[in-house]
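Reading through the structure tokens given below for one structure.
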Amino acid sequence: MIRAASRIEERARSPNDLSMTPTNSEPATTEPYRDGGTRGGNLFAPLCESCGYALQGLSPDEACPECGRLVRTSHPQARAGSRWQQRRSLVAWLGDLRSIVGGPRRFFDTVKPDRTSDLFLMNMGVCAAIAFVGVLADEFIRRQGLPETAGDAVLVIVRPIAMGLGVGAGFGILTMVEILGLRLFSRRLVRPIPYRTLWAICSHAAVGWIVGAALLSAVWGTASYWHAPLNRAIKYQVPNGLTLLIPLLVAVVIGMVTFETLAFVGERRCRYANIPSDEGV
């Protein structure tokens, strides 16, 4: 036992150490932490990313005693981070969009548990811009040209801006609700998922809202072509606004389902992602 303790201490002092030994001041334990550091546990206690088993004292080349996953693959440095986390740019955002569509499970296996509020704002801004374009197109289609008066010109700009801001804010609020819901749900796990990890998950999953924004924009932007004919074709008397509201709600629901699906995959792949002990919560 003395030799084992000595080896663990030597690994803890090594700057290039990949062992799963906590480097903060809190003592190690062989039992899984049940509270994630919020009620006296250790947020940085290394866990197996597959099953949540406590990995303190195990070497990188050993396997998790619970599920057999290689300890090295659960180390914080094993996650390279998404393209956006590596470099904030439009090219990186487009690359992540392609990756998350092509394989969300593989994509979230690379995401680091970092705060990515800038990515969240980026995705909400894209949703707002898409909605703005759809409403603006509808304004010009209905007017069949440029506005004739200053008042009409103001409305042509104000309505699309209001719609864009409303869509971006609405989707943003729903994303925050999802973060709170996942946090509450994760209390049944070995340790609750830290908020920084939830922000990383939901900020990347927020690209799903773009699907809803695109459909909403398409419905609104083409309403001048199909709305009136649809009302005339319906045999039963239906309120005029309802035939427009229902397709808009369907577009939002499709966006929500897409976002929720990506968030679910992200939660499953990142729930036990380990945070480096030298970083803050």
Next on the checklist: If neighbour count is taken as other Cβ atoms inside 10 Å, put 59, 203 in order from fewest to most.
Outcome noted: 59, 203
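From the gyration tensor of the Cα coordinates in segment 71-184, what semi-axes in whole Å does the equivalent ellipsoid have, largest first, with each one equal to sqrt(5λ)?
Result for segment 71-184: semi-axes of 39, 16, 11 Å.
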Checklist entry - What is the Å³ per residue value for the convex hull set by the Cα atoms of segment 87-132? => result 83 Å³
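Which of 83, 159 comes first, and how do the rest follow, when ranked by fewest Cβ neighbours within 10 Å?
Listed from fewest to most nearby Cβ atoms, that is 159, 83.
What is the mean projected area of the alpha carbon convex hull for segment 155-228, to one decimal in square nanometres?
That works out to 6.5 nm², a quarter of the Cα hull's surface.
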Checklist outcome for this item: Going fewest to most other Cβ atoms within 10 Å around each Cβ, 155, 119 line up as 155, 119
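Read-outs: derived from the displayed coordinates by stated rules, not from any lab. Owing to the predicted nature of the structure, the values given are computational and were not obtained by experimental measurement. Positions of Cβ are generated from backbone atoms using ideal geometry, with glycine treated the same way; all protein chains shown enter the neighbour counts.
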